[in-house]
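One structure below.
The values are calculated or read from the model by the stated rules, or taken from the named source; none is laboratory data. All values derive from a computational prediction rather than experimental measurement. Every residue, glycine as well, gets a Cβ built from its backbone with ideal geometry; the counts of neighbours run over all protein chains shown.
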Amino acid sequence: MREATVSAELSGLVVTPSPIHGLGVFAKRSFLAGQLLFSTDEYSVTPYPIYGSVRRGPTEHLLEPQVLRWTNHSCEPNARVRFRGRVAEILASRPVRAGDEVVCDYLETEDEVPFPFRCNCGHCDGVWIG
Ligand SMILES: [Zn+2]
């Protein structure tokens, strides 16, 4: 039941079960395109991709346990990851309504997805992401 402990209140976001996969990140209020959804400098770094990590460089993969770890993939994302120095951010790439799942395109950050999967975003035919 480790997952239950991450259902933390995160300002405008909440981690809760997702129709796409497992747990997902959902907006509790609406955000404008370009608006910051989340930022943190609290994460661990591994030299290789692991499940839930986000690639910042060839040998730098961030594992951030509160939000990035739970952000699901979509072929039609409404958010994207940006790095500013040590700070990792999630920005709305288009308007996000309250209740929407916050989704990123993993292929924007990852060279390879360590655990390839069949996409369940609802916008594609179930393409392999990996
Ligand atoms: Zn898809």
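Anything in the stretch 80-130 that is small (G, A, S) and more than 21 Å from S53 (Cβ to Cβ)? List them, or say none.
A92, A98, G99, G122, G126 - these are the residues of the stretch 80-130 that are small (G, A, S) and more than 21 Å from S53 (Cβ to Cβ).
Being free of Cβ contacts under 8 Å to residues at least 24 places away in the same chain and in contact with a helix residue (DSSP H, G or I) (Cβ under 9 Å, 6 or more places away or on another chain) is true for just one of G52, G57. Which residue is that? So that I can check it myself, show each step before the final result.
Numbers: G57 fails: in contact with a helix residue (DSSP H, G or I) (Cβ under 9 Å, 6 or more places away or on another chain).
Testing whether each residue is free of Cβ contacts under 8 Å to residues at least 24 places away in the same chain and in contact with a helix residue (DSSP H, G or I) (Cβ under 9 Å, 6 or more places away or on another chain) leaves just G52.
Which condition from (1) acidic (D, E); (2) within 16 Å of the ligand (Cβ to nearest atom); (3) under 19 Å from V14 (Cβ atoms) is the one that D105 breaks?
(3)
Looking at (1) β-branched (V, I, T); (2) modelled with pLDDT under 95; (3) crowded, with 16+ Cβ neighbours inside 10 Å; (4) out of contact with any Cys (no Cβ under 6 Å at 6 or more places or on another chain), find the lone condition where V87 falls short.
(3)
Looking only at the stretch 49-93, count how many residues are assigned to a loop (DSSP other than H, G, I, E, B) and within 16 Å of the ligand (Cβ to nearest atom).
Counting residues in the stretch 49-93 that are assigned to a loop (DSSP other than H, G, I, E, B) and within 16 Å of the ligand (Cβ to nearest atom) gives 7.
Kindly list, by first and then second residue, each pair from a residue in the stretch 66-95 that is more than 19 Å from S18 (Cβ to Cβ) to a residue that is in a strand (DSSP E or B) and within 16 Å of the ligand (Cβ to nearest atom), limited to pairs with Cβ atoms under 8 Å and residues at least 6 apart or on different chains.
L91/A79; L91/R80
Identify, by number, the condition in (1) of a type in the set (V, I, T); (2) under 18 Å from F117 (Cα atoms); (3) modelled with pLDDT of 95 or more that I50 doesn't meet.
So the condition that I50 fails would be (3).
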